[in-house]
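Encoded as structure tokens, the structure appears first; notes follow it.
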């Protein structure tokens, strides 16, 4: 199995819903930050090595057909070169609503990493580095978060060839996604998951 679809959209843009959708379409299992949290001792060292210029993509994505969310989104340039046949999906949403959601969840979590349980500190340190690499270091104002979010999305669109890229909002449902992947449209509703409360539940259960 090799990676077929990669997500370039950052966290809090519907990446968990996209994970569920890709798996429903048969493009799975789909790698997500949740996978890192489930297997900290395996995946944190792999991503730490990638941050230091020593990625092992084959090992990182072993057994997965797709990958979305951070840490993947922070390495879209490297992954586009490593997987020249893979297609990319850039999940996005209203920038102001994204900034509020990000600030209340992921940014808050990594901002409190020094006070986290010892067993999660290496994971949170890695997350902090990946998110900073993507353009979101600690200490940004709301206006700066919005500007960086827009800049990230524009950079993805300028970097990934248009024939390999779907710019996508999960609220648009199955249609654009199935057309892009040339897959039949399911009859069931598009999955909608990982609101703010779900985010904290998922993090807590992983810890």
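The values are calculated or read from the model by the stated rules, or taken from the named source; none is laboratory data. Small disclaimer: the values here were computed from a predicted structure and weren't measured. Don't worry about glycine lacking a Cβ; one is built from the backbone with ideal geometry, like all the others, and counts go over all protein chains shown.
Points worth noting:
- Residue check for residue 132: over 16 Å from the mean Cα position of the chain (by Cα), modelled with pLDDT of 95 or more, part of a helix (DSSP H, G or I) and over 24 Å from residue 198 (Cβ atoms): no
- Residues (in a helix (DSSP H, G or I) and either at pLDDT below 95 or out of contact with any helix residue (DSSP H, G or I) (no Cβ under 6 Å at 6 or more places or on another chain) (or both)) located in region 1-17: 15, 16
Yes or no, residue by residue, for (1) within 26 Å of residue 77 (Cα to Cα); (2) modelled with pLDDT of 95 or more:
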| residue | (1), (2) |
| --- | --- |
| 157 | yes, yes |
| 163 | yes, yes |
| 168 | yes, yes |
| 186 | no, yes |
| 192 | no, no |
| 200 | no, no |
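- Condition met for residue 170 (touching a helix residue (DSSP H, G or I) at 6+ places or on another chain (Cβ under 7 Å), touching a residue at least 12 places away in the same chain (Cβ under 8 Å), crowded, with 16+ Cβ neighbours inside 10 Å and within 23 Å of residue 81 (Cβ to Cβ)): no
- Number of the exception - residue 179 against (1) within 18 Å of the chain's Cα centre (by Cα); (2) part of a helix (DSSP H, G or I); (3) modelled with pLDDT of 95 or more: (1)
- Filter result (assigned to a loop (DSSP other than H, G, I, E, B) and either closer than 16 Å to residue 127 by Cβ or modelled with pLDDT under 95 (or both)) within region 46-80: 52, 68, 69, 70, 71
- Odd one out for residue 71 among (1) under 17 Å from residue 134 (Cβ atoms); (2) surrounded by 21 or more Cβ atoms within 10 Å (Cβ to Cβ); (3) in contact (Cβ under 8 Å) with a residue 60 or more places away in the chain: (3)
- Residue satisfying condition, being more than 18 Å from residue 177 (Cα to Cα) and in contact (Cβ under 8 Å) with a residue 60 or more places away in the chain, within set 16, 61, 83: 83
- Count - residues of region 86-101 that are without any contact (Cβ under 8 Å) to a residue 12 or more places away in the chain and in a loop (DSSP other than H, G, I, E, B): 1
- Flag for residue 90 being at pLDDT 95 or above, under 25 Å from residue 177 (Cβ atoms) and crowded, with 16+ Cβ neighbours inside 10 Å: yes
- The set of residues in region 156-176 that are assigned to a helix (DSSP H, G or I) and closer than 13 Å to residue 92 by Cα comprises 156, 157, 170, 171, 172.
- Residue match in region 27-45 (condition: crowded, with 19+ Cβ neighbours inside 10 Å, within 14 Å of the chain's Cα centre (by Cα), assigned to a strand (DSSP E or B) and free of Cβ contacts under 8 Å to residues at least 40 places away in the same chain): yes
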